[in-house]
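A.B. asks: The structure is given below, and queries will be raised subsequently.
The values are calculated or read from the model by the stated rules, or taken from the named source; none is laboratory data. Computed from a predicted model, the values in this text were never measured in an experiment. Glycine gets a Cβ as well: all are built from the backbone with ideal geometry, and neighbour counts include every protein chain shown. Areas reflect the complete protein model, heavy atoms only, side chains present, ligands, DNA and RNA absent. Shrake-Rupley method; radii C 1.70, N 1.55, O 1.52, S 1.80 Å.
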Amino acid sequence: MRTGLLTEGGYPFVNGDAGLWCDRLVRGLGQHEFDLYALSRSRHQEEQGLLPLPPQVTRVRTAPLWTAEGDGGAVGYGRRARRRFTEHYGELAGAVCAAADRSAPAAVADRFANGLYGLAELAREEGGLGAALRSDLGVRTLERACRAPGAPGTAREARVADLLTVTGHLERALRPLSLDWYGDDALGAADLCHATSGGPAALPGLLARHFGGVPLLVTEYGVHLRAHYLDRGAGAAPAVRALLAAFHGRLATEIYRRAEILTPGNAHARRWQERCGADRARIRTVYPGMAAGGFTEAGESPDRADPDTLVWVGRVEPAKDLVSLLHAFAEVRRREPGARLRVVGSPAGPEGAAYLGHCRALAAQLFPDEAEGAHAVGCNPVSFDEIGSPDAPTLPEVYASGAVVVLSSVVEGFPTGLIEAMLCGRATVSTDAGAVVEVIGGTGLVVPPRNPRALADACVALLRDPERRARLGAAARARALELFTVEQNVRAFHGIYLEIVSHCPVRRDLLDASGAPLPFAAPAESHVPAHWPATPTWALPTTEPAR
Amino acid sequence: MSDTPRMPSGGVPWGAGGDGHRPSSGTDPGPREGTSARVTPAAGEWPRPTAGADRAVSAGGRHGGEISVNWPDAPDDSPSAPVAGILAVDHPAAAPGPAGTFPAGGPRAGESPVRQPGAACDLPPVPGARDLPAGFSAHAPGPAGISSVGEPRAGEPATSRPDVSPAARFVPGAGVFTAGARALPAGLPGHVPGPAGTSSVGGPCAAESSAGRPDASAVPRSVSASSGSGVILSKSRAGGRRTSAIPADGPPAPASRPPAPMPAANRGAVPRRPSGDPVKALLHRHRDLCERAVDALEIAAGLEAQGITDRTAARFRHRDVFSLAEELYARVPRAGEPRAEPTPALPVPRVGAAWALSSPLPGIAGAGTVAAMRLTQGQPRLLVAVAGIALLALATRAALRTGPLAARNGPRRGRARRGILAPWTLWLLGYALFGDGLLHNVLTGGPDTLPDGAPGGAWPTATAPALALTLALVPAAWCAYLLTAGARRRLAGSRGLGDFTAAARPLLLGTFALFLGALAALLLGCATVLGEPAAYPQTLTLGALLLLARLLVAHGHRHAPALVLGAAAVTEAVALALPLAGRLPHCGLLALPVRTLTDAVGEPAVPALACGTAALALLLHAGRTLTRASAHAPTGTTG
């Protein structure tokens, strides 16, 4: 089976973000073939080069999203092409500007889809879509849509500068329409398109589905629409933000409508997808996997823990709320005088460094140094370390050294530190933030955030009860091994691939020399989702197995 | 449909007996009897509230029937029930969806119109303290979560919610806890409406109770049993500490609200600030975000980034963050549209040192060449001329590489369709130098000698126009700069495309006229210095043509200038060739038009006419093309 993996600024590039899981996926599914289609985000990223790729990646194609296209100096469009362009782009812009209309969302979505596919077809036949979008014709079409009767107020007050900015963004966002990836030798030859994030990465998948009927699978670990809202902060004018948000919202809706299966990484992404119009029946939550190898040793030996130590691991920043942890630890120490706290982590940026300093000061204030006797040198019950220092050489050792792992964040995404702790078989006490509850699932204690008292109670309860710690730790490790490992991630994706391919096979008609379709040219075995080796010699001259 | 990850499904057997709610008496919202707590804190561990009455709404230890609370000493209405919102949630991460939904738990006492202090959080079903078959251990049957009173960070002095600094709640063991210790830098993320320990833990507990308490389990609200003790402590430390007001906004339980918030108990004697509208406080706190947002989803994204989850939204009587965001979006005061937001200015091209310094270079080279030619005679003059022209070419290339006259996307696009301008330009300049003389010679019998570079003689060389043109690169660059800068300013200020076009047209004509004036002045100066007749018509028209062509090229339109320049050059070549062709036998008519023209007006008429019409055509074209907004769009990445 050949899978077209679509990425944007991610996997094959050396400094792509969130590319590790794609790498693990590709390496884990060695029996299939992968074609990589990567969009790069900046010149820097392209210049850095690609990661070393395993042999099952048969093809890599990249395209830039950052180049500045030539402006509409000479739009090489004839009259008919101009008319088509105006019509399709007008529909697209109209759908974007009518985004506030809730009465007929399906109609708006249909308009958007028609406009988008019409522009794609135009780009495929004539080319030069970027120049047309930036030309005067494109800007005028956009203006007309903004001044149309149904447009929202913010769009109506868009000024010329705003229109130009929006045009620039749209042109960049619609650049995948101008690529030549949709032919029969490229994405058209794949059995399945797997988009590794929403938004621009999934757009080629949409078009492959439109042109070639290739089914689409979209994985989202962080919802693209949400990231768009958070990134386009206060910089731009409200009209620009409104229009772009509407465009990305429409695009997201279209992607969710057309994808066969959506796999959000956690419940949070899933909620957003459902909100944006995804069908619940098509959503499968596949948790991201972590390599569990390094933690097995720590996980299998719960006795190495120091029974009085609480451990906190992570990147120090204000959202982690170490202050309430310190306050909770003060309460813990009041009840369990022998308790220790280890804070292991490096600060994240200047803000984190300031916060770390503040926490150190607070710890020094709260906890006087303790010494064994009147003549011994004491040390503080709270210790701050960094990974790599002699006291905390590696991550598994840090987790192994503690009896209980604590997480006290106020704002949290997907807590990978917690999963590492679970893999090490340590009982955890964490605050309810982000996906913590989903991850823990009953194998640890969860307390409300910003509640040092509750945190302290939980910690004390665990510190006093070693069998309970052991039970929780074992349960946590079992849960982590079952849900959050790379193997389960790869296995889940494999199952989804097979499901998609079985439900939506791509129909390809093979033609013979004279152009008539060949019957039985694709034998039944050709649909088996495995690597089909070389064609047998007797099949070479006239037919070829569908691959 | 495996949208929930498979979980080792150890059903958590809810503690038995956790089923009934006792009908709340009076203001007591049915406390649910929890199963017997397996773990009970040692007596005396919890600070007892010293002051009196807890509110009738005693969330008290009761809550949560799901939380098997069974404090040995906890009297029924003891305010000590509180705290320890330790909840081991045992939801199989299932339906995170349910996290947001409040299953209307049975006869929730929530109906009681009791005010609840603090966040009403229903305790999530706490499995009875017993070992679960799958090896999960139940969480500690702690008492209901402490309502963590929201404590505003030091950076937010004015919040409308009464807060109790958690620090204040701690037994002042060492008296070390200082509110000041919590004075975190203002950079900390604004805390979500902290109040009320929203122990949102309960959320997904939903499906859990295998003991058949679906309703109870579904309650995702944790009771904020604000420990009376906490409150009391805060009271005692009120001096100098934060206001020990009751934590917030426990939204008063409206009967309509499905999951009735468990009354957080025991706020003790501290009067709670009545807040019938918790969303107002949230709106105030996130005023910036709400006012800036363009739709509800943006508010939802912002709220989630601040840490508000569905469980927190439950405290505001919403199903999830999205509906809360919609309410906020609807409620944000939209005073008269449009608010004058300062539109970010477009990048105006700056006066770059590169082009400002390199534009006089061709003029200097030209002047040097002319001076050298005037000073030499004969053979060296030729060499000087050749060297001078080479130098001039280099200088012109350098001057036109950067700055407002630089061709946009110049070297990258090599498409032949785009047009080649250089040969036509060279021909036109050459004609300006030698053409008049050549035409005169051709009309009077043929050129006898080669031009010798002198303004007089058989074949006069008009150096003044050429020199004036090379010197005119400076005003040309500045006029182009004025055009782009003015266009950007008008872009930022105009409301519609038609407005911009109407505003840009006078700008274009004005800069064009400015250039013509500067060129005329330079021509006058050169002619005076060199002692030649000032050839206004042909120089001005040629200058105008070259400027317009260069402007169009600088904005990326190469096709039209190439066409027009070619036409002008071809016209001049034809005008030269016709009299020559007229010498052939029987072709005397061919020379007629040129001869009549030169007889009537003079030799300068030919180039003037050719360049003039070409310049006019280009002016019309530029008036249409360069006044479009898309021609002045700032290129480059805008993120």
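A.B. asks: Return the distance in nm (one decimal) between the two label points of a simple spin-label model at A:Phe520 and A:Glu386, each offset 7 Å from Cα along Cα→Cβ.
C.D. replies: 7.1
A.B. asks: Follow-up question, since we're still on this one. Take every Cα-Cα pair in segment B:512-587 and report what % of them are more than 20 Å apart.
C.D. replies: Cα-Cα pairs in segment B:512-587 separated by more than 20 Å: 52 percent.
A.B. asks: Against the longest principal axis of chain A, how steep is helix A:322-335, in degrees 0 to 90 to the nearest 10, with axes from Cα atoms?
C.D. replies: 30
A.B. asks: I would also like to ask the following. Run through all the Cα pairs of segment A:398-492 and give the fraction in each 5 Å bin from 0, expressed as whole percent.
C.D. replies: The percentages, shortest bin first, are 3, 15, 26, 25, 19, 8, 3, 1, 0.
A.B. asks: So how do A:152-163, A:362-373, A:334-345, A:397-408 stack up, highest first, on mean other-Cβ count within 10 Å? Mind showing how you got there, number by number?
C.D. replies: Numbers: A:152-163: 22.4, A:362-373: 14.3, A:334-345: 19.7, A:397-408: 24.7.
Top of the packing list down: A:397-408, A:152-163, A:334-345, A:362-373.
A.B. asks: Calculate, axis by axis, the spread of Cα positions in segment A:314-413 along the three principal axes, and write the results as whole Å, longest axis first.
C.D. replies: Computed over segment A:314-413, the largest-to-smallest principal extents equal 44, 26, 24 Å.
A.B. asks: Measuring from label point to label point, each 7 Å out along Cα→Cβ, what is the B:Ala422 to A:Glu121 span in nm?
C.D. replies: Modelled inter-label distance: 4.5 nm.
A.B. asks: When DSSP assigns beta bridges and you keep just the ones with both residues in chain A, what percent turn out antiparallel, to the nearest 5?
C.D. replies: 10
A.B. asks: Round to the nearest 10 and give me the degree value, 0 to 90, for the angle of helix A:136-146's Cα axis relative to the longest principal axis of chain A.
C.D. replies: It is inclined by approximately 60 degrees.
A.B. asks: What's the average, rounded to a whole number, of partner chain beta-carbon atoms within 10 Å of each residue's beta-carbon in A:324-332? Before the final figure, lay out the partial values.
C.D. replies: Working: counts 5, 0, 1, 9, 2, 0, 7, 5, 0.
Shielding by partners across A:324-332 averages 3.
A.B. asks: Can you compute log10 of I(q)/I(0) for segment A:79-169 with the Debye formula, treating each Cα as one identical point scatterer, at q = 0.12, 0.15 Å⁻¹?
C.D. replies: Debye intensities relative to I(0), on a log10 scale: -0.35, -0.54.
A.B. asks: Under the definition of partner shielding as Cβ atoms of other protein chains within 10 Å of a residue Cβ, what is the mean value for peptide B:318-330?
C.D. replies: Whole-number average of other-chain Cβ neighbours for B:318-330 is 1.
A.B. asks: Let me ask another. Return the calculated 222 nm mean residue ellipticity for chain A, to the nearest 500 deg cm²/dmol, obtained by summing -39500 (n - 2.57) across DSSP H runs with n ≥ 4 and dividing by the residue count.
C.D. replies: Details: 21 runs with 242 residues, N = 547.
Counting only the DSSP helices, I get -13500 deg cm²/dmol.
A.B. asks: So what's segment A:293-483 giving for Rg/Rh, alpha carbon basis, Kirkwood Rh from the mean inverse pair distance?
C.D. replies: When Rh is taken as the Kirkwood radius, the ratio is 0.94.
A.B. asks: At what distance in nm do the modelled label points of A:His44 and A:Asn15 sit from each other, each positioned 7 Å from its Cα along Cα→Cβ?
C.D. replies: About 0.4 nm separates the two model spin labels.
A.B. asks: Follow-up. How much of B:Arg311 can a 1.4 Å solvent probe reach, expressed as accessible area in Å² and rounded to 10?
C.D. replies: Accessible surface of B:Arg311 is approximately 20 Å².
A.B. asks: For a bin width of 5 Å, list the pair-distance distribution of segment B:418-631 built from all Cα-Cα distances, rounded to whole %.
C.D. replies: 1, 7, 14, 17, 17, 14, 11, 8, 5, 3, 2, 1, 0, 0
A.B. asks: At a Förster distance of 60 Å, what's the computed FRET efficiency of A:Thr394 paired with B:Asp499, Cβ-Cβ distance as r, to 0.05?
C.D. replies: The value I calculate is 0.40.
A.B. asks: Taking R0 as 56 Å, what FRET efficiency do you get between B:Val601 and B:Ala354 from their Cβ-Cβ distance, rounded to the nearest 0.05?
C.D. replies: Efficiency, from the Cβ-Cβ distance: 0.85.
A.B. asks: For segment A:4-20, take each phi angle, set θ = phi - 60°, evaluate the Karplus expression 6.51 cos²θ - 1.76 cosθ + 1.60, and give the result in whole Hz per residue in order, putting x for glycine and proline.
C.D. replies: x, 9, 9, 10, 9, x, x, 3, x, 7, 4, 9, x, 8, 6, x, 5
A.B. asks: Further question: Apply 1/(1 + (r/R0)^6) to the Cβ-Cβ distance of B:His440 and A:Asp180, taking R0 = 60 Å, and write down the FRET efficiency to the nearest 0.05.
C.D. replies: Step by step, r from the Cβ atoms, then E = 0.50.
A.B. asks: Then there's this: Computed over the Cα atoms of chain A, what is the convex hull's projected area averaged over all directions, in nm²? Provide the component values of the computation, followed by the final result.
C.D. replies: Details: hull surface 122.2 nm².
Projected over every direction and averaged, the Cα hull of chain A covers 30.6 nm².
A.B. asks: At q = 0.19, 0.30 Å⁻¹, what log₁₀ I(q)/I(0) does segment B:577-639 have when each alpha carbon counts as one equal point scatterer in the Debye sum?
C.D. replies: After summing over all Cα pairs, the log10 values are -0.81, -1.12.
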